[in-house]
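Notes for the one structure printed next.
The values are calculated or read from the model by the stated rules, or taken from the named source; none is laboratory data. Quick caveat: nothing in here was measured; it's all calculated off a predicted structure. Here the Cβ is made from the backbone with ideal geometry for all residues, glycine too, and neighbour counts use every protein chain on show. Accessible surface is based on the protein model in full, side chains and every heavy atom, while ligands, DNA and RNA are left aside. Shrake-Rupley method; radii C 1.70, N 1.55, O 1.52, S 1.80 Å.
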Amino acid sequence: MLRTAGELAEHTGARLEGDASLRITGCATPESAGPGDLIYIDSPKHLKSAIGSKAACVVVGDDLELGGKLNGKTILRVKNPKLAYARAAGWMFPSRAIVRGVHSTAVVSKTARIGKDVAIGAYAVIEDDVEVGANTQIGGHCYVGQSVRIGSDCKLYPRVTLYPEAHLGSRVVVHSGAVIGSEGFGFVLGEGGYERFPQLGTIEIGDDVEIGANTTIDRGALGPTRIDRGVKLDNLVHIGHNCEIGQNTTISAQTGLAGSSIIGKNSIIGGQVGIGGHCRLEDGSILGSRAGVLPGKILRGGVPMWGVPAQPLDDYKEINAWYNRLPELAERLRKLEAAANSK
Amino acid sequence: MEFTVKELAEVIGAQVEGDAQIRVAGCASLASATPADLVYVDSAKNLDAAARSRAACAIVGPDLHLAGKTLLRSKNPRLAFAKAIGHLMPDESIAQGIHPTAVIAPTAKLAEGAGIGPYAVIEENVEICAGTQIGAHCFVGRRTRIGAGCRIYPRVTIYAGVSVGANVIVHSGAVIGSDGFGFVPTPSGYEKFPQRGGVIVGDNVEIGANTTIDRGALDNTRIGRGVKLDNLVQIAHNNDVGENTVIAAQAGLAGSSAIGKNVVIGGQVGISDHCNIGDGAILVSQSGVAAGKVIRPGAMMFGSPVRPMDKAVEIIMQMGRLPELAKRVRRLEQAANLE
């Protein structure tokens with residue numbers, strides 16, 4: 001939707017320097033932008049690309065010294081340029097509806113309670129006693145099991161599977177192929193092999209959670225698995241039974257959590273990380289990509305941890321530097337031995 | 001369902017101590033149990049929590065003392081509890097009867113009591129045996145056979161020519177029988193090596209959500225009886241996984257490895273092609289096994305590349321001391337004037 005620079009400044013709380021009536025038609029990177037596009041820079045090193053850009057309007061940080069280099073462009077000054085840009089782009093281009101209305105091929109149980117303006121795509125299946133809040137969109141081929149509760153304004157992209165009794169808050173976004181509430185990996189060794197330990201627990205997904213494509217979240221064995229408000233999970237993440245993920249924690253692609261681990265609020269977990277069972281990560285934990293956390297470990301928050309087994313980043317860097325020099329170290333030892341022998 | 005403690009004791013093979021006429025209607029954790037729930041205690045450290053639990057009946061191990069409750073004494077309390085749950089709270093149905101929207105080929109053979117959910121597609125010459133339930137949106141390709149008593153959750157894809165045993169559980173999003181990753185390099189790019197083998201899944205196997213099992217290139221990919229695969233596991237073409245082996249989430253097997261019986265493979269383990277993992281071996285989480293490697297039966301291995309556990313642990317300890325080791329070398333050099 002077309003906006004003027006002045007309208008965008010008002011919407012994002014930015015201070016405008018330049019032409020308030022400038023018409024903005026789109027968003028782009030500095031390199032690909034046309035004159036009608038909005039761009040942003042959040043670091044002095046990107047100033048050069050903004051100077052060379054065709055864009056006529058740039059979002060920049062309050063404290064960035066421009067020295068007249070962007071003269072001729074309209075500037076939107078804000079504290080956090082990337083956040084302001086995200087909000088401006090979201091305002092100009094509201095995300096497209098996955099689906100509108102209830103498709104004639106959707107199979108919706110008579111006992112399901114479907115809220116106002118809910119949309120359900122082609123061939124979706126909604127089982128008995130499901131509850132769906134207002135404005136939620138459920139894409140084609142989604143499966144929503146018995147007694148599932150979904151809040152309002154959620155978006156389930158096509159081909160999401162919710163097992164029976166899963167609870168989703170409001171404004172939750174789930175990408176295609178994700179499976180929520182599947183039975184956890186719990187077995188007991190009997191005489192003739194493994195016997196299933198029934199997985200009777202629940203699964204609670206808070207408001208504003210986003211769940212990536214083909215990610216799997218198992219239900220609890222007896223108690224709940226909990227994903228708290230604002231958590232963001234990337235694609236192909238695995239969350240084992242009875243884990244609890246605290247508010248606003250982010251987990252990148254292909255990371256896996258074995259069962260019963262508790263992750264604090266505002267933690268950042270990289271890609272391909274493995275976390276053993278019954279770990280406790282305090283609030284604000286940071287785990288670098290490919291880190292491995294041994295079962296039962298307790299990690300302090302605020303200290304970036306790296307490697308297998310995970311250790312403080314500074315230690316890891318020092319160890320890694322010497323690891324690279326192991327051949328040299330071995331050679332030096334050999335010389336010492338030769339010198340000792342020749343004496 | 002509701003049973004007396006006496007009835008349950010017979011089902012799970014436990015001895016009653018206390019009031020055998022108490023009625024039990026469900027199962028729960030110690031913390032969340034109501035008086036009508038059954039709980040279990042398999043370790044002395046949980047006895048305090050058990051004493052505080054509202055449950056009136058507990059399954060306990062041989063040497064545990066717990067006052068004020070009816071006890072079901074069992075050698076393996078966790079196993080007895082699992083059996084009790086199966087009895088008290090039977091699995092909910094995935095699909096009952098044949099849904100009118102399911103697309104079923106006229107040549108498919110469906111045994112009596114098989115359930116097929118909405119929009120499931122069952123192709124030509126498929127055979128589905130008695131009591132098997134196939135959830136909504138599942139796809140079962142031509143000539144595939146699925147044994148009796150299976151639970152196939154919604155949106156499972158089983159390609160053509162796959163054989164699934166009896167009492168198999170497959171979770172949503174799993175794909176069984178997809179083409180293996182086989183290509184022949186040519187000057188103009190890779191050419192596909194046709195994947196014409198099948199997949200044979202034994203009885204009592206469980207396959208996790210979004211797990212993928214590729215069909216063999218020429219021969220079959222085999223998953224032995226009683227194998228348990230967690231979520232997001234990748235089993236490539238021509239692997240042979242032995243009976244009662246368990247593989248945790250996000251582990252991946254490249255092609256043509258032979259995995260023995262009763263092997264335990266941790267999460268995120270990577271096993272390259274043509275490996276041979278002996279019976280009862282344990283591969284600890286995040287281990288990496290190089291191509292063609294042979295692991296002895298019963299060995300416990302860790303690291304990437306994998307080493308015996310004790311050696312891997314020692315190396316990890318020494319890694320932490322590498323900066324100190326470097327300092328020691330430097331001091332020796334200074335002493336020897338070797339700089």
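Observations
- Within the range B:220-237, the set of residues being away from chain A (no Cβ under 12 Å), open to solvent by less than 40 Å² (accessible area, probe 1.4 Å) and not in a strand (DSSP E or B) comprises B:236, B:237.
- Among (1) more than 14 Å from chain A (Cβ to nearest Cβ); (2) under 29 Å from residue B:116 (Cβ atoms); (3) among the charged types (D, E, K, R), the one test that residue B:92 misses: (1)
- Lone qualifier among A:267, A:342 - being open to solvent by less than 20 Å² (accessible area, probe 1.4 Å), hydroxyl-bearing (Ser, Thr, Tyr) and more than 10 Å from chain B (Cβ to nearest Cβ): A:267
Residue-by-condition table, conditions (1) part of a strand (DSSP E or B); (2) within 27 Å of residue B:143 (Cβ to Cβ); (3) open to solvent by less than 50 Å² (accessible area, probe 1.4 Å):
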{"site": "B:194", "(1), (2), (3)": "no, yes, no"}
{"site": "B:197", "(1), (2), (3)": "no, yes, yes"}
{"site": "B:210", "(1), (2), (3)": "no, yes, yes"}
{"site": "B:218", "(1), (2), (3)": "no, yes, no"}
{"site": "B:261", "(1), (2), (3)": "no, no, no"}
{"site": "B:292", "(1), (2), (3)": "no, no, yes"}
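- Taken residue by residue, the range B:67-80 has at least one member that is closer than 16 Å to residue B:7 by Cα and within 11 Å of chain A (Cβ to nearest Cβ).
- From the list A:153, A:128, the lone residue that is charged (D, E, K, R) and surrounded by 14 or more Cβ atoms within 10 Å (Cβ to Cβ) is A:153.
- Condition met for residue A:64 (part of a strand (DSSP E or B) and open to solvent by 20 Å² or more (accessible area, probe 1.4 Å)): no
- When B:151, B:142 are checked against the criterion of being in the same structural domain as residue B:167 (by TED's automatic domain parsing) and more than 19 Å from residue B:202 (Cβ to Cβ), B:142 stands alone in meeting it.
- Entirely in the range A:113-220, the strands (runs of 3 or more DSSP E) that have 3 or more residues that are within 14 Å of another protein chain (Cβ to nearest Cβ) and in contact (Cβ under 8 Å) with a residue 12 or more places away in the chain: A:179-182, A:216-218
- Unmet criterion (only one of (1) open to solvent by less than 40 Å² (accessible area, probe 1.4 Å); (2) touching a helix residue (DSSP H, G or I) at 6+ places or on another chain (Cβ under 9 Å)) for residue A:277: (2)
- Qualifying residue in the range B:291-306 (condition: within 11 Å of chain A (Cβ to nearest Cβ) and among the β-branched types (Val, Ile, Thr)): no
- Selection count, the range A:221-240, where residues are open to solvent by 10 Å² or more (accessible area, probe 1.4 Å), within 14 Å of chain B (Cβ to nearest Cβ) and touching a residue at least 40 places away in the same chain (Cβ under 8 Å): 1
- The set of residues in the range A:47-61 that are assigned to a loop (DSSP other than H, G, I, E, B) and more than 19 Å from residue A:26 (Cβ to Cβ) is empty.
- The listed residue being within 14 Å of another protein chain (Cβ to nearest Cβ), open to solvent by 10 Å² or more (accessible area, probe 1.4 Å) and farther than 23 Å from residue B:217 by Cα, out of B:171, B:137: B:137
- Any hit, the range A:291-301, residues being within 16 Å of the chain's Cα centre (by Cα) and either in contact (Cβ under 8 Å) with a residue 60 or more places away in the chain or open to solvent by 10 Å² or more (accessible area, probe 1.4 Å) (or both): no
- Only listed residue being crowded, with 16+ Cβ neighbours inside 10 Å and either acidic (Asp, Glu) or over 27 Å from residue B:233 (Cα atoms) (or both), chosen from A:272, A:247: A:247
Each row is one residue, and each column tells you yes or no for (1) modelled with pLDDT under 95; (2) under 14 Å from the mean Cα position of the chain (by Cα); (3) of a type outside the set (A, V, I, L, M); (4) over 21 Å from residue A:214 (Cβ atoms).
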position	(1), (2), (3), (4)
B:186	yes, no, yes, yes
B:210	no, yes, yes, no
B:222	no, no, yes, yes
B:232	no, yes, no, no
B:242	no, yes, yes, yes
B:276	no, no, yes, yes
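- Within the option set A:288, A:284, A:307, A:292, being within 13 Å of another protein chain (Cβ to nearest Cβ) and either touching a Ser or Thr at 6+ places or on another chain (Cβ under 8 Å) or on the phi < 0 side of the Ramachandran plot (or both) holds for one residue only, A:292.
- Lone qualifier among B:19, B:48, B:37, B:63 - being of a type in the set (Asp, Glu), buried (at least 17 other Cβ atoms within 10 Å of the Cβ) and not assigned by TED's automatic domain parsing to the domain that holds residue B:133: B:37
- Within the option set B:287, B:257, being touching a Cys at 6+ places or on another chain (Cβ under 6 Å) and buried (at least 16 other Cβ atoms within 10 Å of the Cβ) holds for one residue only, B:257.
- Residue count for the range B:179-192 under the criterion of being among the charged types (D, E, K, R) and either surrounded by 22 or more Cβ atoms within 10 Å (Cβ to Cβ) or assigned to a loop (DSSP other than H, G, I, E, B) (or both): the result is 1.
- Search result, residues across the range B:70-126 that are of a type in the set (D, E, K, R) and either under 14 Å from residue B:139 (Cβ atoms) or buried (at least 17 other Cβ atoms within 10 Å of the Cβ) (or both): B:73, B:78, B:83, B:123, B:124
- Sub-8 Å Cβ pairs linking a first residue in the range B:107-136 that is in contact (Cβ under 8 Å) with a residue 24 or more places away in the chain to a second residue that is open to solvent by 50 Å² or more (accessible area, probe 1.4 Å) and hydroxyl-bearing (Ser, Thr, Tyr), at least 6 apart or interchain, are B:133/B:93, ordered by first then second residue.
- Within the range A:310-334, tally of residues that are facing another protein chain (nearest Cβ under 7 Å) and either acidic (Asp, Glu) or surrounded by 14 or more Cβ atoms within 10 Å (Cβ to Cβ) (or both): 6
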